[in-house]
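Written out below as structure tokens is the structure these notes cover.
The values are calculated or read from the model by the stated rules, or taken from the named source; none is laboratory data. On a predicted model such as this, the values are computed, not experimentally measured, just so you know. No Cβ is skipped: glycine too gets one built from the backbone with ideal geometry, and neighbour counts run over all protein chains shown.
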Amino acid sequence: MGPRSIDSRNVESAVRTAIDAAVTGSPRVPGVVAGVTTDKATLTLAAAGVRAIDGTDPMTTDTVFAMFSATKAITATVALQLVERGLLDLDAPAKEYAPRLRDIQVLDGFADDGSLRLRPPASDVTMRQLLTHTAGFGYDFFNQDYRRLTRDHGVPAVISATIESISTPLLFDPGTRWEYGSSMDWAGRVIEGVTGHRLGDVMSEHLFSPLGMSDTSFDLTDDLARRRAVLHHRAPDDSLSPNHKWKMPDDPEVQMGGQGLYSTVRDYIAFIRMWLNDGLSDSGEQILRPETIVEAGRNQIGDLTVTKLPGVIPALSHDVDFFPGVPKSWGLSFLINDEDAPTGRPAGSLSWAGLANLYYWIDRRTKIGGFWATQIFPFVDPTAYDAYLDFETVVYRAID
């Protein structure tokens, strides 16, 4: 059950204080947009700062962000819709839907000459394993072996959004470990194989349109580009450098289900609200069945452990360990904190993030969720991440 009543004015005031502090402190973030919603309505949507540290265009509530891994939950939602329609079996070999997976092997280390030692996997990758990061795929910025693939063997980085960039060997036999990586990009390929349509078109018809997410797309249209926040990099001395030229690849070979969307906080909290509201859109359309929502929020990896992610490429990410000491599991496809978090987030809540310091949570017990958006590398930037934790904490204090 959620709280008996929530005074939106308390939440709005608390969030305004938090985001203003984030853009005026030292060090600071250039700009931020933050939103909070219940299962029924947006409580607050607020912006502070600027879109680029060297400019004057203000952050606004319709600012567009590269979502990076906040894309993953959206891809998972479309996959679950296909399961409900009887078109997708989570436990069938995923190669039935994405034939390129037939060629994927397991990396058994490197020979003395640096060549790859490869072997067939002990079992086929399933869609459930793709959704739970237990298939065996990794990322080069979190795994040293994958880093060797991109650095020494010419494998393109996943940001290139090519088939070759995700056709990497597995790090282990499917289902035997948890390793965060490019599984959700393959999940997107499975969705395309099932439907016969590009991932973005499936999302648009079955998710974005009924949820009113009109600013969410794999394509950076002129309208979205005019409102886009600039990606920044924070140096070790805490200085910030804008990269005005960076954007996702235009017309990518692969519409990356793990990282490729642009969106706004306004759109994303409509998505969060659907998860809080047992799968219902604001207009009453059933996007997912209530029982699917419940199942997606359950631990899907059994006794496997969600591990700390080492920052292998420091320019892209610090080490990642959300709420150290709090046991965590993985659903379809969210991180689950299995005990209460220090921010006030109760056990069983869903969450994840995007590489440029975007963070969200979905608390179905209290019926509240939020999204915090910046555009800063590396991931888990102490200034941006601590400001997000402050944001989440003040929200829970405001509704207590």
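Brief remarks follow.
- Selected residue (criterion: surrounded by the most Cβ atoms within 10 Å (Cβ to Cβ)) from residues of segment 44-99 that are without any contact (Cβ under 8 Å) to a residue 40 or more places away in the chain, part of a loop (DSSP other than H, G, I, E, B) and not charged (D, E, K, R): ALA92
- Subset of segment 100-134 [within 23 Å of TRP352 (Cβ to Cβ) and not in a strand (DSSP E or B)]: VAL125, MET127, ARG128, GLN129, LEU130, LEU131, THR132, HIS133, THR134
- Residue within segment 126-148 that is over 28 Å from SER351 (Cα atoms) and out of contact with any Phe, Trp or Tyr (no Cβ under 9 Å at 6 or more places or on another chain) present: no
- Hits in segment 142-174 (condition: among the aliphatic types (A, V, I, L, M), in a helix (DSSP H, G or I) and touching a Ser or Thr at 6+ places or on another chain (Cβ under 7 Å)): LEU149, VAL158, ILE166
- Scanning segment 348-364 for residues that are surrounded by fewer than 18 Cβ atoms within 10 Å (Cβ to Cβ) and at pLDDT 95 or above turns up nothing.
- Yes/no for SER329 being under 17 Å from the mean Cα position of the chain (by Cα), touching a residue at least 24 places away in the same chain (Cβ under 8 Å), under 28 Å from GLY200 (Cα atoms) and crowded, with 19+ Cβ neighbours inside 10 Å: no
- Single unsatisfied condition, ASP145 versus (1) of a type in the set (Asp, Glu); (2) free of Cβ contacts under 8 Å to residues at least 24 places away in the same chain; (3) surrounded by 15 or more Cβ atoms within 10 Å (Cβ to Cβ): (2)
Matching residues to (1) in contact (Cβ under 8 Å) with a residue 60 or more places away in the chain; (2) touching a strand residue (DSSP E or B) at 6+ places or on another chain (Cβ under 9 Å); (3) surrounded by fewer than 20 Cβ atoms within 10 Å (Cβ to Cβ):
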| residue | (1), (2), (3) |
| --- | --- |
| GLU285 | yes, no, yes |
| ARG289 | yes, no, yes |
| PRO324 | no, no, yes |
| PHE334 | yes, yes, no |
| ASP340 | no, no, yes |
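- The strands (runs of 3 or more DSSP E) found entirely in segment 261-364 include none that carry 3 or more residues being farther than 26 Å from ARG397 by Cα and in contact with a Ser or Thr (Cβ under 6 Å, 6 or more places away or on another chain).
- Pick from segment 24-43, criterion of a type in the set (Gly, Ala, Ser) and part of a loop (DSSP other than H, G, I, E, B), ranking: nearest to MET213 (Cα to Cα): ALA41
- Only residues that are among the small types (Gly, Ala, Ser) and under 10 Å from MET127 (Cβ atoms) were counted across segment 77-115, and they come to 4.
- Flag for ILE313 being among the aliphatic types (A, V, I, L, M), in contact with a Pro (Cβ under 9 Å, 6 or more places away or on another chain), modelled with pLDDT under 95 and farther than 23 Å from MET59 by Cβ: no
- Whichever residue in segment 100-142 is under 23 Å from the mean Cα position of the chain (by Cα) and without any contact (Cβ under 8 Å) to a residue 60 or more places away in the chain and, among such residues, is surrounded by the most Cβ atoms within 10 Å (Cβ to Cβ): ALA135
- Pair list, Cβ < 6 Å and 6+ apart or interchain, from segment 191-206 residues that are within 18 Å of ALA98 (Cα to Cα) to residues that are part of a helix (DSSP H, G or I) and hydroxyl-bearing (Ser, Thr, Tyr): VAL202/THR195
- Index of the failed condition, ALA384 passing every other in (1) closer than 18 Å to ALA48 by Cα; (2) modelled with pLDDT under 95: (2)
- Those residues of segment 234-279 which are among the aromatic types (Phe, Trp, Tyr), within 17 Å of LEU355 (Cβ to Cβ) and crowded, with 18+ Cβ neighbours inside 10 Å, in sequence order: TYR262, TYR268
- Number of positions in segment 371-393 that are surrounded by 22 or more Cβ atoms within 10 Å (Cβ to Cβ), touching a residue at least 60 places away in the same chain (Cβ under 8 Å) and in a helix (DSSP H, G or I): 3
- Output for segment 175-202, where each listed residue is in a loop (DSSP other than H, G, I, E, B) and in contact with a strand residue (DSSP E or B) (Cβ under 7 Å, 6 or more places away or on another chain): TRP178, TYR180
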